[in-house]
Amino acid sequence: MMRTLNYLEFEDGVRGGMVTATRQQRKALSRTDVEVVESPWRAGNPVQSLGTLFAGEGYFADYDVAHCNLVGPGSVAVARHARRNDIPLVLHAHVTREDFAESFRGSTTVAPLLEPYLRWFYSQADLVLCPSEYTRGVLQSYPVDAPIRQLSNGVDVESLRGYEQFREDTRERFDLDGLVVYAVGEVFERKGLTTFCELAKATDYDFAWFGPYDEGPQAGKATRKWVTDPPENVTFTGYMADKRAAFGAGDVYLFPAKVENQGIAVLEAMACGKPVVLRDIDVFREFFTDGEDCLMCSTFDEFEAALERLAVDPDLRERLGENARETAAAHSLDRVGEQLASIYRGLVDGDVEDARVGRVEG
């Protein structure tokens, strides 16, 4: 059996899509013949592993492939260990300069300085994985000097089962009524926060953003503005212990994100059969089709018109929702697991080209 490290440093401290994506990778791999190791350290953490190092038992755990999902010092250490010991190294590009901007205070200023580091870090890999062809193009523009392959983050449909049962309680808890326009995830400007709130001000629907937000000095300017003084028909719920409550309560998923590497929450909304309204950007055009499984908008007026169309046309909501379920099904974890296992086998066998293609047999 192949043993693979699937590592997300600071896992208990970070949040957002990369955490969901990493855990979905592990769940997908659990359905294959790949054994997953979550920590690179022989004793479970870097400090305690000093004891195993001095005892002659080694500092790092044993694995056949190293797969890192973040870009910090722990991942740098894993990358160096892998290169020294001829262990195939996969680096997953959940972080780019572009999606780092407009997330927290100062991130837009720091983002350009991040690019040289990301170029150096990702260039160490035997293979870089990224969620979309859009992201692949971004990495090539830096340029990253390593093979790059697109692999969907996938969607964990099983984790959403039973979302309908949360509808009434969640709507009552947050005083939501009628057609509810909603978003799921961290609250910051890159995800279209200002557009979301301005649309709420221009309409009479209840809007709800389900997800955590920063209130301290690290919070972005837009986040502080809108969370502190939201429009009357906007509710920021804060952290939700069960995401099914969000998808149960909401009727139209609105995600006017400016930059995104794929959008796991979009796929989750689609898996729940919700009509989805998106900003018309490259990454969404890559996966979704306007008028078939979503509505895409470029201007404020188009967003407003899309919400009005959906509000008055239940047949349109149903048709988009059913087509969206089919789109989400194409991003199943079974498929992600098969592709990851195939990629790992190609790297272990020394066939980088096969790993890049990620051929799935059968």
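Here are the numbers for the structure shown:
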| read-out | value |
| --- | --- |
| Answer from Val312, Val266, Val259, Val227 - the residue that is β-branched (Val, Ile, Thr), within 16 Å of Gly17 (Cβ to Cβ) and out of contact with any helix residue (DSSP H, G or I) (no Cβ under 6 Å at 6 or more places or on another chain) | Val266 |
| Test for Asp145: is it acidic (Asp, Glu), surrounded by fewer than 16 Cβ atoms within 10 Å (Cβ to Cβ) and either out of contact with any His (no Cβ under 8 Å at 6 or more places or on another chain) or modelled with pLDDT of 95 or more (or both) | yes |
| Residues of segment 174-205 classified as in contact with a Leu (Cβ under 7 Å, 6 or more places away or on another chain) and open to solvent by 10 Å² or more (accessible area, probe 1.4 Å), total | 2 |
| Segment 9-35, residues that are surrounded by fewer than 20 Cβ atoms within 10 Å (Cβ to Cβ) and part of a strand (DSSP E or B) | Glu35 |
| From Gly162, Gly137, residue being open to solvent by less than 40 Å² (accessible area, probe 1.4 Å), within 20 Å of the chain's Cα centre (by Cα) and modelled with pLDDT of 95 or more | Gly137 |
| Among (1) open to solvent by 50 Å² or more (accessible area, probe 1.4 Å); (2) over 18 Å from Asp64 (Cα atoms); (3) outside any helix (DSSP H, G or I) - the single one Arg3 does not satisfy | (2) |
| In segment 84-93, the residues that are over 14 Å from Leu5 (Cβ atoms) and open to solvent by 20 Å² or more (accessible area, probe 1.4 Å) | Arg84, Asp86 |
| Single match in Asp175, Asp126 (criterion: at negative phi and at pLDDT 95 or above) | Asp126 |
| Per-region count, segment 209-218, residues on the phi < 0 side of the Ramachandran plot and within 20 Å of the chain's Cα centre (by Cα) | 5 |
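The values are calculated or read from the model by the stated rules, or taken from the named source; none is laboratory data. Bear in mind that the values here come from a model prediction, so they are computed numbers and not experimental data. A quick note on method: Cβ atoms are made from the backbone with ideal geometry, for glycine too, and the neighbour counts reach across all protein chains shown. Surface accessibility is based on the protein's heavy atoms, side chains included, excluding ligands, DNA and RNA. Shrake-Rupley method; radii C 1.70, N 1.55, O 1.52, S 1.80 Å.
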